[in-house]
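Asks: Here it is: the structure, laid out below.
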Amino acid sequence: MHTEDHKSKAVANWLLLGVGMTIIQIALGGITRLTGSGLSITEWDVVTGALPPMNEAAWQTLFAKYKTTPQFQLLNFDFTIENFKFIFFWEWFHRLWARTIGLIFAIGFIYFLVKKYFQPKMIQPLVILFLLGALQGAIGWIMVASGLEGDAVYVKPTRLALHFVFALGLLSYTYWFALSLKVKTLKEQPSLEASYKDLKFIKHIRSIKSLSWLILLVLFFQLIYGALMAGHKAANVAATWPTINGQWIPAGLTSKDSFLLNAVNNTIWVHFIHRGLAYLLLVLIVVYSFKLFRINGNAFWNLMRRMPLTFVLFQVALGIFTVLSSAQIVPGVWAGFEWLAQLHQLVGMLLLLSVVNIIYITKD
């Protein structure tokens, strides 16, 4: 007879598998973007699209469909079938991995339902997870569709940002759900029971929680601007550091007609804000870490309190090297910039999860 604790941990491990697979999926999305592969598949075939073309005739049919897109006609007009196969692979694999995540979720759900592992408290979060996953798939197609019409040679940056942020929301929610089934909060740790009777300690925890939410808010906008940087290919508009093309406050910040247009479509504005938010996050997390290290808890807490500072330092360094390496970008060639950009995205996700971790562990 399985205990409730054993059942909760089993479900949590299944969710953590989903977290790991989602991180890989977001990374595959980054590769798809960096290789310009996102518009290579012009249809959304949920079932039949799981298989790649099986013969040369099928390849030629899909290549003919790609030739009708603005990306081919305006940008990749010199593509051969071999070039097409390369970009097709990354978009197909990105979609295949999404299907695999759905399959793993469905198999796990059926197994735990039959074995009666699910508790009443798990039902609502599971429904939300299902809805978020379905919504993310729909947003992904809306994003792709934005690059298949008019004179667009890439997906719209704002829709790319929306797709990215919803993916991070799904990732964070899944991780939070898993933590709730597996990890004790500080308040639940016996070694800190006495501390929660101390008013000074309680105020310190409250200050950590307030700062956690502030950091999460800044990080939310930073990740949006990271996606806009990617969508606009804005890294190499200023491949310099610490200044932006020799200026601390670059010219051209208000070249668009309105604040909103500057905020989402002005590449130098996007670049400037992305850098500024990075410096703000660095300062906030240094202060944050001093507060975190004043509390000693169990082994999990003592490890997790190190993560925000570790990741933000790594992230800032990666951001600097990514910008500097953007001067050597060669279209169609995967090199230093692409590796750094991928790592930059990956560490950004880990930084987000490290803050989610602290928010969960310090909750009442």
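Read-outs throughout are calculated quantities, based only on the coordinates presented, and are distinct from any laboratory measurement. In this text, all values refer to a predicted model and were calculated from it rather than measured experimentally. Positions of Cβ are backbone-derived with ideal geometry, glycine not excepted, and every protein chain shown enters the neighbour counts.
Asks: Given Cα positions, please report Rg to Rh for the range 80-154, the hydrodynamic radius being the Kirkwood one.
Replies: With Rg and the Kirkwood Rh in hand, the quotient comes to 1.16.
Asks: What is the spin-label model distance, in nm, from Leu303 to Val283 if the labels are put 7 Å beyond Cα along the C-beta direction?
Replies: Placing both labels 7 Å along Cα→Cβ, they lie 3.4 nm apart.
Asks: If you keep only loop residues by DSSP, which chymotrypsin sites (Phe, Trp or Tyr not before Pro) in the range 181-277 have at most 16 other Cβ atoms within 10 Å of their Cβ?
Replies: Trp248
Asks: Based on the Kirkwood radius over alpha-carbon pairs, what value in µm²/s does the Stokes-Einstein equation return for the translational diffusion coefficient of the range 239-299 at 37 °C and 0.692 mPa s?
Replies: 235
Asks: Another question, then. In nanometres, what is the gap between the two model label sites at Leu350 and Ala138, each 7 Å from Cα along Cα-to-Cβ?
Replies: For Leu350 paired with Ala138, the spin-label model returns 3.5 nm.
Asks: Now for a different question. DSSP loop (so not H, G, I, E, B), at most 11 other Cβ within 10 Å: list which trypsin sites (Lys or Arg not before Pro) in the range 217-307 pass both filters.
Replies: Working: sites: Lys233, Lys256, Arg275, Lys291, Arg294, Arg305, Arg306; in loops: Lys233, Lys256, Arg294, Arg305, Arg306.
Hits after loop and neighbour filter: Arg294.
Asks: Going toward the positive end of the dipole of the range 1-121, with +1 on Lys and Arg Cβ and -1 on Asp and Glu Cβ, which of Met21, Asn76, Pro53 do you reach last?
Replies: Looking along the dipole axis, the top candidate is Met21.
Asks: Another one. Which distance in nm do the two modelled labels at Asn245 and Asp78 give, with both placed 7 Å along the Cα-to-Cβ direction?
Replies: The modelled label-to-label distance comes out at 2.7 nm.
Asks: For the range 186-364, state the average projected area of the convex hull of the C-alpha atoms over all orientations, rounded to one decimal in nm².
Replies: For the range 186-364, the mean projected area of the Cα convex hull comes to 11.7 nm².
Asks: Just to confirm the filter: which chymotrypsin sites (Phe, Trp or Tyr not before Pro) across the range 20-83 are DSSP coil and have at most 14 other Cβ within 10 angstrom of their Cβ?
Replies: Trp44, Phe77
Asks: Further question: Ignoring GluC sites (Glu not before Pro) that are buried or in helix or strand per DSSP, and keeping those with at most 12 other beta carbon atoms within 10 Å, what is the longest stretch of the chain between them?
Replies: 194-364
Asks: Rounded to the nearest 500, what is the chain's calculated 222 nm mean residue ellipticity when only DSSP H runs of at least 4 contribute -39500 (n - 2.57) each, over all residues? Can you show the working numbers first?
Replies: On the way: 12 runs with 251 residues, N = 364.
-24000 deg cm²/dmol, from helical runs alone.
Asks: Please list the equivalent ellipsoid semi-axes of the range 1-182, computed as the square roots of five times the alpha-carbon gyration tensor eigenvalues, in descending order and whole angstrom. Don't skip to the answer; put the middle values down first.
Replies: Working: eigenvalues 276, 56, 28 Å².
Ellipsoid semi-axes (Å, largest first): 37, 17, 12.
Asks: State the answer as a single residue: which of Ser354, Phe88, Gln328 lies farthest towards the positive end of the charge dipole of the chain, with beta carbon charges of +1 for Lys and Arg and -1 for Asp and Glu, about the Cα centre.
Replies: Working it through, the farthest residue towards the positive pole turns out to be Ser354.
Asks: Compare the Cα positions of Leu103, His163, Leu135 along the charge dipole of the range 93-229 (+1 at Cβ of Lys, Arg; -1 at Cβ of Asp, Glu; about the Cα centre) and return the one farthest towards the positive end.
Replies: With unit charges placed on the Cβ atoms, the residue in question is Leu103.
Asks: Could you give the size of the charge dipole of the chain about its Cα centre, using +1 on the Cβ of each K and R and -1 on the Cβ of each D and E, expressed in debye and rounded to the nearest 20?
Replies: Details: 29 positive and 16 negative charges, 302 e Å.
So the magnitude is around 1440 debye.
Asks: Could you give the DSSP H helices of the chain that reach 18 angstrom or more along their long axis (alpha carbon positions) and whose average Kyte-Doolittle hydropathy is no lower than 0.5? List each step's numbers first, then the result.
Replies: Numbers: long enough: 4-34 (45 Å, 0.60); 81-114 (48 Å, 1.07); 120-145 (39 Å, 1.58); 157-182 (37 Å, 0.94); 199-232 (49 Å, 1.16); 267-292 (36 Å, 1.55); 307-325 (26 Å, 1.93); 336-361 (37 Å, 1.47).
Correct list, ordered by number: 4-34, 81-114, 120-145, 157-182, 199-232, 267-292, 307-325, 336-361.
Asks: Roughly speaking, what % of Cα-Cα pairs in the range 10-99 are separated by over 18 Å, rounded to a whole number?
Replies: That tail contains 49 percent of the Cα-Cα pairs.
Asks: Sequence gap at least 6, Cα distance under 8 Å: using those rules, report the relative contact order of the chain to the nearest whole percent.
Replies: 21
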